[in-house]
Amino acid sequence: MLDIGLPELIALVVLALLIFGPDKLPKMIQDVSRTLRKLRQFSESAKEDIRSELGPEFKDFEFEDLNPRTFVRKHVLDKDELGLKEIRNGFDFRSEMADVADVVHGRDPEPAGPPSSGGPDLVKKPDLLKKGPVQPGERPPFDSDAT
């Protein structure tokens with residue numbers, strides 16, 4: 001409740017009692033509660049008017065969706081029509097960073113798994129530790145000093 005604890009609430013009640021006095025305090029509480037009730041009714045009627053003006057295609061419209069975080073969470077992150085979860089889970093940044101760190105520090109990267117039986121390696125990776133001239137059509141090595 002607005003980050004008000006029990007000691008602060010007691011202090012506010014005592015302060016209100018001292019300011020308004022015991023005879024006017026109940027009347028003030030009634031006036032404040034009546035005003036809050038009217039504001040709430042006004043807000044609800046305004047929401048209903050907007051919903052009725054928008055038409056039946058917006059019957060599920062929620063005003064909380066106007067908050068950008070709620071809108072993105074509801075329409076992008078919860079629905080997986082675009083395959084975002086698959087794309088997000090497809091990135092393995094830790095292994096990628098470990099491979100880059102191994103190359104930078106001159107360590108041999110650990111093999112990802114056993115090589116395929118009988119077939120040549122279809123993906124030719126550049127020799128990242130090669131020193132010397134690059135042949136035509138060959139990929140240049142990774143230069144850690146240049147990055």
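The values are calculated or read from the model by the stated rules, or taken from the named source; none is laboratory data. Here the structure is a predicted model, which means the values were calculated and not measured. All Cβ positions, glycine included, derive from the backbone under ideal geometry; neighbour counts span all protein chains shown. Ligands, DNA and RNA are excluded from the accessible area calculation, which covers all protein heavy atoms including side chains. Shrake-Rupley method; radii C 1.70, N 1.55, O 1.52, S 1.80 Å.
The table below lists the values:
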item: Any chance GLU44 is loosely packed, with under 10 Cβ neighbours inside 10 Å, out of contact with any Gly (no Cβ under 9 Å at 6 or more places or on another chain) and outside any loop (DSSP other than H, G, I, E, B); result: no
item: Some residue of the range 126-135 being basic (Lys, Arg), modelled with pLDDT of 60 or more and touching a Pro at 6+ places or on another chain (Cβ under 7 Å); result: yes
item: ASP60 in a loop (DSSP other than H, G, I, E, B) and either at pLDDT 80 or above or of a type outside the set (A, V, I, L, M) (or both); result: yes
item: Out of ASN89, ASN67, sole residue that is modelled with pLDDT under 85, open to solvent by less than 100 Å² (accessible area, probe 1.4 Å) and of a type in the set (S, T, N, Q); result: ASN67
